[in-house]
Amino acid sequence: MNTTRLLCCLGYILLAPFIGGLLDGIDRKLSARMQGRTGPSILQPFYDIIKLFHKQIFLVNHSQFFLVGSYLVFVIFSGALMFAGYDLLMSFFALTTAAMFLVLASCSTHSPFSAMASQRELLQMMSYEPMVLLACVGFYLATGSFQVSDIIQSNLSPIVFLPGFFIGFVYILTIKMRKSPFDISTAHHAHQEMVRGVTTEMVGSLYAITQIAEWYENVMLLGIVALFFINGNPISWPLAILGVLFVYFLETLIDNTTARLKWSKVLSSAWLVTLLFGGLNLLVLDLMIKYR
Amino acid sequence: MAKFLPFTGTVLHNLFHKPVTTSYPFVPKEYPERTRGHVEVDMETCLLCGLCSKSCPPRAIHVDRDTHTWSIHRFDCVQCGYCVQKCPKHCLSIVPGYPEPGAEKKLDIYHKPEAIEMKMGQVTVDLSKCVYCTLCAKKCPNEAITVDRAAKTWEIDHHKCLRCSLCVNNCPRHALEIREEEGGFKHPQADLNQCVFCTLCAKKCPASALTVDRATKTWKLNEKECVGCGACAEHCPKGCITMRPAST
Amino acid sequence: MAKQTVVPFGPQHPVLPEPIHLDLVLEDETVVEAVPSIGYVHRGLEKLVEKKDFNEMVYVAERICGICSFMHGMGYCEAVEHIMHVDVPARAKYLRTLWCEMSRLHSHLLWLGLLADAFGFESLFMQSWRMREKILDMFEASTGGRVIFSVNRIGGVLKDIPPEMLRDFLKRFDDMGADLRRLTRTFLDDYSVNERLRDVGFLTKEQALSLGAVGPMLRASGVCYDVRKTGYAAYGDLEVEPVVSTIGDSYARCQVRIGELFQSLDLIRQVGEKMPTGPIAVPVKGNPEGEFFMRCEQPRGEAVYYVRANGTKNLDRMRVRTPTFANIPAMLQTLKGSQLADVPLLILTIDPCISCTER
């Protein structure tokens, strides 16, 4: 059992950046085709990262390196926790810590753009955190455990009990992945009032690290999406991968069919969805357990 | 009222159809025939009259009658086509195909073929044939000719004359011709803005036709003494002396 | 009162296609005041009249801006033609009108794309520009240039559009109508776009008039004013009815410009029906002497060309009052009290052309 955990953990640490980068490349290609463009090669994100590492570094504040490094470490830590099959709750809180380090890194630069963007990043965290925590609770109620290793051994896929949670989670995934209607603190294309948001002042390899951390984070988030589908039956695994790919396609599609909203709308709509879908689902689940 | 994601149809349509962008420059673009890409010159008919260079809004064209060259700064050219309109011999054309991008600006130089040597002669008039119709003056691209019908005078400013032969070709009475110079008698002319009054030219002059005074900054040529040998121009350290056809 | 911060916006900012600088005084994310400074792309084009003769100036005038280049060239030509009492042939006038309306189409499509980009709708931006590309192709086929056309001259135009090319163009414009309707539906009806455009950056009719707004900015605030009604070029023979909206917010400005897209298509159809035959230019003799104010309606609004000539081949003075210059005070008014997230959008709703403004 312990060797499996170790292997999964190592697998995540070594493979996640490649999977994340590849997914990013696919996203770019899909977006390009949706816009009628030929688009870059699928490997373009890797070329970009390599190029970023060759750039000269300008540090506005020397603590930035430490903070960005911590962001990466905590993202990897939270992902490793989850993929090794440990506590989901623990992993989510580690992810929140990671996000905090990113905000600190962006705050430390004194640039008005990144300062405002870090405020917005905090607002974003406020909008998605309730749903993230609710999802945790949902998994517990559906399977009776916070341990990922137990969740994947359940008889039925958690999504059967958690359709509302799933919708809510996909909704906040758009915020987490910085996709179009909700990319208020940083967008994948910089044509916005915050320039490049929290990463405005990050240069060269520093920016490359945030990019890699983002890939780790994306893989972990998609892992949670997969968790909704996986049960004790091995057939559920390919189904889960299909589900993940569908969700990813959906995110790209939404990115390409909506305008960016303002932060107040992001906050209110995220909470509304959380309350409506997550809350109702929680209520129903609670009643089911009580009268089982 | 407000619709939810109405753009999805278009996006999905794009996704499942061929992209509209091409891999330019790997797939070359086809230009319509009217595209103003770059200026081309036909040096065989070009007279080096310099009208194109004078009318060029960004001054990208340079014409040098001494070295018989027509040159263009490709990156300065704005492809407006005004030179094509102005060319009296229609030897300029603007054709598709943009100039290649480059790391530095360079001059494209075109030489007039040796075989077609320029006529450096002067326009002369046979006043017995001339009826003072002023057609030559109207055709002259550089306003070098002045004709007064009432006073029956015909004058040409040889410095302004471009020797484009438009007047000769258009004269209804064939009263004009360009007379080739025999040996080419020329007088030196100094650009006094550049001259440092070093007196070297005066010293070298075999006919002592030049008087240069450093104190009063004067440079004088005795035209009667001058033999037009060009020694002064050859020895001028500033290169400010040019040999020009005698004005009369 | 919240702490005030000053955010430098521009001259180099990803949102801005051209350099203009705004000092945004913010309270949290609310803009209290916007202080503009311009002058980053001043090229001294007006001064060039001293160096270039009045025929050469046509090419300088049309290079004032890359988007309404045709109208700049035409405005200057018509001003000089008026001084010199040149009677431009009817066909030249119609050709000018056709190219004017094509310019308006491509300019408004460019604007729609930039607007989409400002509210973060990248695919809509691409789609708008894709449609604009079709018009640029037609420009290239008929004039030889994609953005700078160089077809105007004092006394007419330099290139004719043969009948078969004109027929082909008219057919392409007919097909474009359906595509345009599909595209503009997203701008007018989409939920998220509405969320960004509606009730943002109000400009009342009184404000628009007193701040001297022009063009779609003015018409979106309910003022029915379109210089095309004065009948320059061939507009006198055509039916032009200004597109007006009374709401006065960003949505109204978008609506007016979309309305003008279809109006341009209609005008092009009218031009196609009435296109006269005959010469496209008349020879012009002598030098101009006198002065004249020429007004024309550019995509961005009313532009004024003042020309004074003294009988030599160089003009005394040429002055261009461009629409963006007139719209900047109105833009500052809409910026006051807006959210930072709306700033790019509000800057764009005047359709700024900084090269025009600074010449």
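Take each of the peptides C:243-253, A:231-241, average the number of other beta-carbon atoms within 10 Å over its residues, and list them starting from the highest.
Ranked by mean Cβ neighbours within 10 Å, highest first: C:243-253, A:231-241.
Ignoring solvent entirely, what values of log10 I(q)/I(0) come out of the Debye formula for region C:197-282 at 0.17, 0.20, 0.23 Å⁻¹ when each Cα is a single scatterer?
Reported log10 I(q)/I(0), two decimals: -0.72, -0.88, -1.05.
Taking every residue in C:100-111, how many Cβ atoms of other protein chains lie within 10 Å of its Cβ, on average?
0
One quarter of the convex hull surface, Cα atoms only: what value does that give for the protein assembly as shown in nm²?
Computing the convex hull of the Cα atoms and averaging its projections yields 50.5 nm².
Would you mind counting up the charge near A:Ala115? Only other residues with Cβ under 14 Å from its Cβ, with Lys and Arg at +1 and Asp and Glu at -1.
-2
Beyond 25 Å, how much of the Cα-Cα pair distribution for region A:99-219 remains, as a whole percent?
Distances greater than 25 Å cover 34 percent of the Cα pairs.
For region B:186-245, just run the numbers: alpha carbon Rg, then divide by 2.2 N^0.38 Å, N being how many residues it has.
0.97
Computed on protein heavy atoms with a 1.4 Å probe, what is the summed buried accessible area for the chain pair A and C, in Å² to the nearest 100?
2400 Å²
If one takes the accessible area of chain B alone plus chain C alone and subtracts that of the pair, with a 1.4 Å probe, what total in Å², rounded to the nearest 100, results?
2400 Å²
Label points 7 Å out from Cα along the Cβ direction at B:Asn170 and B:Thr124: separation in nm?
With each label point 7 Å from Cα toward Cβ, the separation is 2.4 nm.
Quick one: compute the contact order of region B:122-179, relative version, from alpha carbon pairs under 8 angstrom and 6+ residues apart, as a percent.
Result for region B:122-179 is 46 percent.
Under 1.5 on a/c is rounded, so check that first for region B:47-95, then, if it is not, pick prolate when a/b is larger than b/c and oblate when it is not; a ≥ b ≥ c are the square roots of the alpha carbon gyration tensor eigenvalues.
Cα axes put region B:47-95 in the oblate bin.
Please list the three semi-axes, largest first and in whole Å, of the ellipsoid equivalent to chain C, using sqrt of 5 times the eigenvalues of its alpha carbon gyration tensor.
34, 25, 17
Run the numbers on chain A and let me know its relative contact order in percent, using alpha-carbon pairs under 8 Å that are six or more apart.
Relative contact order of chain A: 25 percent.
Relative contact order of chain C, please, whole-number percent, based on alpha carbon pairs below 8 angstrom and at least 6 residues apart.
26 percent
From largest to smallest, what semi-axes in whole angstrom does region B:122-179 give when each is the square root of 5 times an eigenvalue of its alpha carbon gyration tensor?
Equivalent ellipsoid of region B:122-179: 15, 12, 10 Å, largest first.
Give the average, rounded to an integer, of partner chain Cβ atoms located within 10 angstrom of each Cβ in C:123-133.
For this peptide, the per-residue mean of nearby foreign Cβ atoms is 5.
Counting only protein heavy atoms, what percent of the accessible surface of chain C is carbon or sulfur at a 1.4 Å probe?
Carbon-and-sulfur percentage of accessible area, whole number: 52.
Any chance you could get the radius of gyration and Dmax over the Cα atoms of region C:13-154, in Å?
18.7, 60
Probe radius 1.4 Å, ligands and nucleic acids left out: which of B:Ile61, A:Ile26 has the largest accessible area, and how do the rest follow?
The ordering from most to least exposed comes out as A:Ile26, B:Ile61.
Anything losing 40 Å² or more of accessible area from the isolated chain to the full protein assembly: pick those residues out of region C:20-67, probe 1.4 Å, ligands and DNA/RNA ignored.
Going by heavy-atom accessible area, the residues of region C:20-67 that drop by at least 40 Å² are C:Glu29, C:Lys52, C:Glu56, C:Tyr59, C:Arg63.
Please list B:Lys203, C:Lys336 from largest to smallest accessible area, probe radius 1.4 Å, with all protein chains kept in place.
From most accessible down to least: B:Lys203, C:Lys336.
Counting only heavy atoms of the protein chains, get the accessible area per residue of chain B (1.4 Å probe) and round it to a whole Å² value.
61 Å²
Short version: what are the Cα gyration tensor semi-axes of chain B, square root of 5 times each eigenvalue, largest first, in whole Å?
52, 27, 16
Roughly how much of B:His62 is accessible, in Å² to the nearest 10, using a 1.4 Å probe?
Taking all protein chains as shown, B:His62 has close to 80 Å².
When Cβ neighbours within 10 Å are restricted to other protein chains, what is their mean count per residue of peptide A:111-124?
The shielding value for this peptide is 2.
Rounded to two decimal places and with Rh computed the Kirkwood way over Cα pairs, what is Rg over Rh for region A:171-292?
Using Cα coordinates only, the ratio equals 1.05.
Going by accessible area, probe 1.4 Å, with all protein chains left in place, what is the ranking of B:Lys29, A:Lys290, largest first?
The most accessible residue leads, giving A:Lys290, B:Lys29.
Rank-order B:143-155, A:143-155 by packing density, defined as the average count of other C-beta atoms within 10 Å over each peptide's residues, highest first.
A:143-155, B:143-155
Could you list, by residue number, the cysteines of chain C that have no other cysteine's beta carbon within less than 4.7 Å of their beta carbon?
So far as the 4.7 Å Cβ criterion goes, C:Cys68, C:Cys77, C:Cys100, C:Cys224, C:Cys254, C:Cys296 stand without a partner in chain C.
Leaving out ligands, DNA and RNA but keeping every protein chain, what accessible area does B:Cys87 have, in Å² rounded to the nearest 10, with a 1.4 Å probe?
10 Å²
Based on DSSP H runs of at least 4 residues, each adding -39500 (n - 2.57), what is the mean residue ellipticity at 222 nm of the protein assembly as shown after dividing by all its residues, to the nearest 500 deg cm²/dmol?
-14500 deg cm²/dmol
For B:Lys18, list the lysines whose Cα falls under 19 Å from its own Cα; do not include residues on the same chain fewer than 8 positions away.
Excluding near neighbours in sequence, the set is A:Lys29, B:Lys29, C:Lys134.
How large, in percent, is the carbon and sulfur part of the accessible surface of region A:151-292 at a probe radius of 1.4 Å?
For region A:151-292, the apolar C and S fraction of the accessible surface comes to 75 percent.
Just to verify a number: what accessible area does A:Ile57 come out at with the full protein assembly present, 1.4 Å probe, Å² rounded to tens?
Around 70 Å² of this residue is reachable by solvent.
With θ set to phi - 60° and the Karplus curve 6.51 cos²θ - 1.76 cosθ + 1.60, what are the ³J(HN,Hα) couplings of region B:201-210 in order, to the nearest whole Hz, using x for Gly and Pro?
5, 5, 5, 7, 5, x, 9, 6, 8, 10
In chain B, what percent of the accessible surface is made up of carbon and sulfur (1.4 Å probe, ligands and nucleic acids excluded)?
Looking at chain B in its full context, I get 52 percent from C and S.
In debye, nearest 20, what is the charge dipole magnitude of chain C about its Cα centre with +1 on Lys and Arg Cβ and -1 on Asp and Glu Cβ, if you could check?
Computed about the Cα centre, the dipole is about 800 debye.
Could you order the peptides B:36-46, C:130-140 from most to least packed, using the average number of other C-beta atoms within 10 Å per residue?
C:130-140, B:36-46
Starting from the coordinates of the alpha-carbon atoms of region B:60-180, obtain the Kirkwood hydrodynamic radius over all distinct pairs and give the value in Å to one decimal.
One over the average 1/r among Cα pairs gives 16.8 Å for region B:60-180.
The values are calculated or read from the model by the stated rules, or taken from the named source; none is laboratory data. From a predicted model like this one, the values you see are computed outputs, not experimental measurements. Cβ sites come from the backbone with ideal geometry, for glycine too, and all protein chains shown count toward neighbours. With ligands, DNA and RNA removed, areas are computed over all heavy atoms of the protein, side chains included. Shrake-Rupley method; radii C 1.70, N 1.55, O 1.52, S 1.80 Å.
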